[in-house]
Amino acid sequence: MENQKQGLQSVGVRTNFHFQFITTPTSDTPGTSLILHFDTKRYIFGELCEGTQRASIQRGIGLRKVRGLFLAGKTEWNNGGLIGMILTMADVQQGEIEPNGANSRRPRLHIYGGPKQLHSLACARRFVFRTGMPLSVHEFDADKHRVPEQIYKDDNISVWGIAVRPEAPEPTESAGTELADSDTTSGSKEGVDKSRIDSEQGLRSHIVNNMFDSDWKRDRLVQCRLKDIKLPALVWVRDQTTKALTSYTCHDENNLGGLTLETDVLVRMPWPASTVERLPRVSGLPDNVSMSYIIKGHAQRGAFDPVKAKSLGLTPGPAFSDLVAGRSVQNDEGHTITPDMVLKPSRPGRGVALFDIPSASHLLDLEQQLGDLQDPLFEGIEAAVWITQGTLPYDERFQKLLLKLKQLKHIVSHPDICHDYISQDSSAVSSMRLSKIASEFFVVPRYNNSNGYNPVIQSKANDLQDLKEVLGVKDPNVEVIAARRGLKIRVEPNFVLDETVMEHLPDDMSPYRRSSATVSKTLTEPEVVTLGTGSAAPSKYRNVSAVLLRMPDALGNYLFDCGEGTLGQLKRLYTAEELDEILFNLKGVWISHLHADHHLGTLAILQTAMSARARMSGPERPRPDPPCLISERNMIDYMDDYQSVLGLRTESLCTPIACHWMEGMSLRGEPFDFSQTNIPIKELRTVKVSHCHGAQAISVTFTNGFKFSYSGDCRPNELFCKIGLDSDVLVHEATFDDGLEGDAKAKKHCTTGEAVGVALGMKAKNLILTHFSQRYQKIPVLSSVKMPEHVSEADLLDDDDAEMTTGPELGAHDAESDPPQTSDATAWIEQDATRNLNIGVAFDLMRVKVSQIASMKRLFPAISKMFQVGEEKREAKRQAVAAVLRGEEERKMADKLARQGANRQRMAQAQAKNKQANQQKGNKRKLETEKGKEKEKEKHDPASNGSIAGTEAMVVPQAGAEAQTGEGIPASASMNAKCAQNGDAEAHGNGLGREAANSNSNSNSINSPTCLQADDGSGSIEAQECTDKAAEYVESTTSPAKRRKLDVQSG
């Protein structure tokens, strides 16, 4: 295998690969990302922003073969989708094995990025739990490399990294993100301790490795003294005789369940990465670095020259295949033939440049690094992808650089140029259908196929000419197009831009939109907006958890959980002005637990809210305090760890409130109460629930008396019913349908009936069910109601996380390929106990006022029927496609069988011909051998030579006469024998006939076929008989006895 690789490297390879845009800047997907597609591997380049993995699902882009992530841009929160993407790949790549791997390990994922990327990932050590996923993070050393540097090479591609940064700090182009110096935490570059930086980077690398590839096991227990354990905790004591384990619940030092502080106990071994309490701040690493890349395929080998190969003594067959594959062979003479001897000259590999330029000062540094473009690195580069922001595309220097690179095709990605098209088509179509049933609850997502969400410059660059005019490019030789999702850049074997991309929704959606009167800024009652209603991971139809509670009378807005993509969901519901108003009045964000699907959208929300406060505040409207971020302490620690990546203090984004179900709320270690703020919350209570470490359910009572309860993820909990008693609205998870209680217990979730039972036990006035399995989009199944049971202290303290290492029950990527499930319009069976309970089923982007929840139950049959009809249509479409594919496969198989039959027939004919030719060659060699023996004997036996000469003289006849020997052999037979001795294959059969035809003698000549008479007068004999007679004569003349007899007769 190694020899083959070396051979291929020497002569080049033949590949077929292309880039495809996964995302361009939209409300759902704020970044630009591309996937590089080879048959055996995939690579992702660009900004892995929130929504990237969901867009991959929508586009049908598989992640199973992804082996490299090349992160472009600055390491801030533009890679907010990175963690979710890695977790999804960890799940979908289970079972993948590294080819030619000696230890059968799954392939290693390589992540390349700019400075601080290791720190960014290490911050997630408290909530990322995976094993057996090898992962390496490579940070580009921007201080060491001030020119493009090769950072990656494998069998498919070579990649060069380019780190661009401004020479001096510059103000942010958007006024909404300008920060005071006191808000930053960037370290000074003076007096950098290189050994300290290396040590800290080593710690971060070790943490990241333990997050994904440790040997941790869930059932592994370690022994220690009880006094060394943080309480409360669940511990075990082993009986020395029976070896059985007995569990004990230890609340505090005064309530140890019968144990003492000196008792040796067993506890679960903590997750290795989570044992690091605090990361060192990022200091000494380069700031404001934006990563760009040049990607090239390997040299493409020339065409195979079969004529040249034959001239070197090779025959078609395996030797030709080996040479094409890059392996040397030997010819029949033992000479070594190398691939370069039979292949035409190779050509340089083609490639693409990806430039992520966030500002004009970054552009200046890029120009300096590119120089005069004479470097061989740029040979074969066919296109440049430009990821830009702000007013950069309209800058004169950018236009000059495009002109300088006019030999390339330019693809520009910018929020204004790419337009705010719908990126989640399936979810949007579902919302459109639901709006036909109940437009008061469901709305068609807002989008714009002509402009960005909040464009810097209004433009409508729908084609090449329009875009060139917008950018001010006047040279007709400069080719510029806008980036679009699905756009393919085909690099090998021929460079082509495949622009056949269609949007699924029309430009005019006014017939489906609700009237503007219903979108009022002034609320008269609370409104619940379910932004994300799915579990575990994003899917085509449901995003991950997020609920927005909008309160009337200036009581503010509140988010309950904030999964990845929450900001994008808000942008699909509200215009830029409306969203600014909502985020300006955002007063609180509650995170129920630290599973990634419940909080990865938090930073984006807080950053955007900070910008909204800066834009909208002024002399007449004071700037409000940042919203309270309320969660368990680990979430606050995550924010504190990440602040050095963002360059912002946590307090600039939020008021960090650590919440414990027993100790209450605290602000930086001090007790906290809402009376210290202007937040209108009268009471906030939480209880620990059975799901994972730190998981809590919450109940909030506002100053106007409205009570709202939110479960997060959990098993049914009796204590939750107590703190949420008489809630006006309960939003509760219902991950599994009734009948799947075993799955619900194993994953520590609830069924529909269990969630309804909690609402009844709580005496809630209204119930909204959410957090459904991502497998199907439908009304949940309710067949029975189960009231919550008492949860033991041991169960609550057992932090065993069912999703810690195994991931979600079903990855969203796998779910899309599952067989369809029939949607039963009667799956929701009304129970006597639920007749007086107002129940709503949540869908993404659903907006419902509290008084409207009572009318939602009557919509269930229509919604169920809608999904049933939709599923039937999809199933019919799947069947039709499957039938076409089957027909195509059958046709291909028939063609294949026909070709195989024809090949077998040709091979049989060729074999028969070869067999005949071989037989003829054998006969010729035999005759030549006999003739040689005869000549040898003539040389050593002079008497014999005379006899034979006399015999030959006697048997040569005169014209028209038949001369016979004493044995009666016709002279014609002697002539036939001479033909055989001469080795002419045809002379054995019909050579004498040709002699007759060519002879000038008459028909009675001895050469005429009519003269071939048998000595017994029986008439003509066949040519084969002539041949046999001739062979007999030859044999007789080689016998000494026969020669003596002939000599006597001739005498």
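Details
- A 1.4 Å probe run over the range 194-294, with the rest of the protein chains in place, finds 55 Å² accessible per residue.
- Overall, the accessible surface of the range 875-932 at a probe of 1.4 angstrom is composed of carbon and sulfur to the extent of 54 percent.
- Per residue, in Å², the accessible surface of the range 703-771 once ligands and nucleic acids are set aside, probe 1.4 Å: 27 Å²
- Cα gyration tensor category, rounded, prolate or oblate, for the range 245-374 with a/c compared to 1.5: oblate
- Percent accessible area from carbon and sulfur atoms, the range 581-674, protein chains only, probe 1.4 Å: 49 percent
- Beyond 26 Å in Cα-Cα separation lie the following of the pairs Lys230/Lys688; Lys406/Lys571; Lys144/Lys406: Lys406/Lys571; Lys144/Lys406.
- With the highest mean first, a sort of the peptides 720-730, 901-911 on other beta-carbon atoms found within 10 angstrom per residue produces 720-730, 901-911.
- Segment Glu379..Leu261, full-extension length gain: 35.4 nm, with 0.36 nm per residue of separation and the alpha-carbon distance subtracted.
- Value of relative contact order over the range 258-392, rounded to a whole percent, pairs C-alpha under 8 Å and six or more apart: 26 percent
- Ranked by the mean number of other Cβ atoms within 10 Å of their residues, highest first, the peptides 43-56, 703-716, 365-378, 15-28 fall in the order 43-56, 15-28, 703-716, 365-378.
- Shape summary of the range 631-737, radius of gyration then Dmax from alpha carbon positions: 15.2, 45 Å.
- Projected label distance in nm at Lys745 and Glu499, using a 7 Å step from Cα toward the beta-carbon: 6.1 nm
- If you look at the Cα atoms of the range 603-684, you get an Rg and a Dmax of 13.7, 42 Å.
- The range 695-750: mean projected area of Cα convex hull, nm²: 4.0 nm²
- Protection proxy ranking of 611-622, 335-346 - average other beta-carbon atoms within 10 Å, highest first: 335-346, 611-622
- Between Arg835 and Lys931, the contour length at 0.36 nm per residue exceeds the Cα-Cα span by 23.2 nm.
- A 1.4 Å probe run over the range 512-621, with the rest of the protein chains in place, finds 28 Å² accessible per residue.
- For a straight C-alpha distance cut-off of 20 angstrom, the lysines reachable from Lys65 (same-chain residues fewer than eight places away being disregarded) are Lys41, Lys153, Lys296, Lys488.
- Evaluating 6.51 cos²θ - 1.76 cosθ + 1.60 at θ = phi - 60° for every residue in the range 357-365, the Karplus couplings come out as 10, x, 7, 5, 5, 5, 4, 4, 5 Hz, glycine and proline recorded as x.
- Area accessible to solvent at Lys406, 1.4 Å probe radius, in Å²: 100 Å²
- Cα-based shape type of the range 377-425, given that a ≥ b ≥ c are square roots of the gyration tensor eigenvalues and the cut on a/c is 1.5: oblate
The values are calculated or read from the model by the stated rules, or taken from the named source; none is laboratory data. Quick caveat, the model's predicted, so the values are computed rather than measured. When we count neighbours, we look across all protein chains shown, and the Cβ atoms used for this are built from the backbone with ideal geometry, even at glycine. Quick note on the areas: whole protein, heavy atoms, side chains included, nothing else; ligands and nucleic acids left out. Shrake-Rupley method; radii C 1.70, N 1.55, O 1.52, S 1.80 Å.
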